[in-house]
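Participant: First the structure, then my questions, so here it is.
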Amino acid sequence: MNVVNSIYSQALFNVLFKYWMDNPSNMRTSTLAMLLILLVSIGLNIYFASNQIIGEAGQTTTFSMTIEKTKTLTITTLETTRITESPYPLKIIDFMKRDITIDKQPQRIVSCAPSITEILAALELTEYIVGVDEYSDYPPEIKRFREEGIIENVGGVTTLNIEKILALRPDIVFVSPGVQGGIVPILEEKGLTVVALDASTVNDVYKEILIVGKIMNIEYKALSLVNSIRDRIDYVQSKITQVKSKTSVLSVIWLEPIWTAGNSTFLNDIIGYAGGYNVLVDSNGWFMTNPETIVTRNPEVIIVTAMSIGMKPEEVMEKLMSIPGFSSVNAVKNNRVYLLYGQAENVFLRPGPRIGEAVELLAKILYPEIFNVEIPRTIDEEYTKYLFTISILA
């Protein structure tokens, strides 16, 4: 804007100068006119300078024009730097109800759970990650960086290597207290800042994302991620409004013995958001059930997170059919048992940023006719081809 105004001022000056030279007899009048226009021009310059558009910090805008076809005049305007007050030190309350002070933005992060690693990656914080657990494998570059040693492997989710974590000199360590609560005081005694993230519900996942965003001073990005997840879930729910009777669902996360998810779990939330009804919603948390209960509840759809069970599809089905009474369950009779492997399994078992994808995938399993899609009985790494892209959702 300043450049445009400068050119405009120059043009006025040229017009006035020509008028002055062409009317020497009226020198006083033309001189006063020239002074007046110069004052107006200066005023316009000041006005536009004070109201210019502020760009990104440190940016400059360059405007070039050619004079007499041989010389180039380059005018550079330094745009005002956006000055934001640092939020540090800041205080947060983690999922262990602890008050934690973050003195400065962390530059070196260790993530001890796959779901937390996925949150960090979704917030474009991969460059800050120096260590992850051995099961963190999504997005693919995380697994590749771990295998190449760019990101260190700090051990299994339940067998973390404390010495390795300490050697990485992290500014912050994110842990899942459900299985890693015991190492929190150990790491803190060594002077590390530890934040516990432990989502039990979909809303808890949102809270985790927002906490990480606050810690890293990217709250706007965290809110955008939360909204994109909500948009996907809202899309699904807008499609299933025509459902008159909810499909009953059983989730099986282990076979011997049978483990499942009840109320107050993110998997139960996923079933609900997808328009299903959890046949064991009257029980809380993750728990062990028995074949008799399942036969009695008679689910219409069974989803099995099969990779963690360690069986091939035919082995899983053979095992299910060997359970007394299972052959009479509607899901088995109607061939509506779905086996989830690889990343298709992970979206249902990791309380992270892909929970919206799990909701959409399950809704299409439950109501393929509404979405005009056919979902196979075994779903693996290529589960995303059954999902809409964000651009379609927007």
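Participant: Please give the contour-minus-distance gain from S245 to E219: 0.36 nm per residue of separation, less the Cα-Cα distance, rounded to one decimal in nm.
Facilitator: Length difference between fully extended and current span is 5.4 nm.
Participant: Using Cα-Cα distances under 8 Å and only pairs 6 or more residues apart, what relative contact order does region 320-394 have, in percent?
Facilitator: Values: 54 pairs, mean separation 25.6, N = 75.
Rounded, it is 34 percent for region 320-394.
Participant: Whose amide H sits under 5 Å from the amide H of D94, counting only residues 5 or more places off or on another chain, with H placed in the peptide plane?
Facilitator: I100
Participant: Taking the DSSP beta bridges in region 243-393 as the whole, what percent of them are antiparallel, to the nearest 5?
Facilitator: Working: 5 of 19 bridges.
Among the beta bridges of region 243-393, antiparallel pairing accounts for roughly 25 percent.
Participant: Going by amide H atoms built from the backbone, whose H comes under 5 Å of the H on G262, apart from near neighbours?
Facilitator: Close amide H contacts, sequence-distant or interchain: G285, W286, F287.
Participant: Tally the DSSP beta bridges in region 90-198 and give the antiparallel ones as a percent, rounded to 5.
Facilitator: The antiparallel proportion sits near 30 percent.
Participant: I would also like to ask the following. When V157, V347, V279 are ordered from fewest to most other Cβ atoms inside 10 Å of their Cβ, what list results? Don't jump to the answer; show the numbers that get you there.
Facilitator: Numbers: V157 17, V347 27, V279 24.
Lowest count first: V157, V279, V347.
Participant: Another question, if that's okay. Listing D99, D231 from the residue with the fewest other Cβ atoms within 10 Å to the one with the most, what is the order?
Facilitator: Ordered from fewest to most neighbouring Cβ atoms within 10 Å, D99, D231 come out as D99, D231.
Participant: Which order results if Y128, Y338 are arranged by neighbouring Cβ count within 10 Å, fewest first?
Facilitator: With the sparsest Cβ surroundings first, the list reads Y128, Y338.
Participant: On to the next question. Taking Cα centroids, how far is region 92-164 from region 307-323 in Å?
Facilitator: With region 92-164 and region 307-323 each reduced to a Cα centre, they are spaced 33 Å.
Participant: Between the DSSP loop rule and a limit of at most 13 other Cβ atoms within 10 Å, which trypsin sites (Lys or Arg not before Pro) in region 83-150 are left?
Facilitator: Here the sparse-neighbourhood loop sites are K97, K104.
Participant: Grab the Cα-Cα distance for T296 and T384, subtract it from 0.36 nm times how many residues apart they are, and report the gain in nm with one decimal. Don't skip to the answer; put the middle values down first.
Facilitator: Details: separation 88, 0.36 × 88 = 31.68 nm, distance 3.40 nm.
Gain on stretching T296 to T384: 28.3 nm.
Participant: Still on this structure: Compute the orientation-averaged projected area for region 251-352 from the convex hull of its Cα atoms and round it to one decimal in nm².
Facilitator: 6.0 nm²
Every read-out reported here was derived from the displayed coordinates using simple, explicitly stated rules and does not represent laboratory data. Just so it is clear, the model here is predicted, and its values are computed rather than measured. Positions of Cβ are generated from backbone atoms using ideal geometry, with glycine treated the same way; all protein chains shown enter the neighbour counts.
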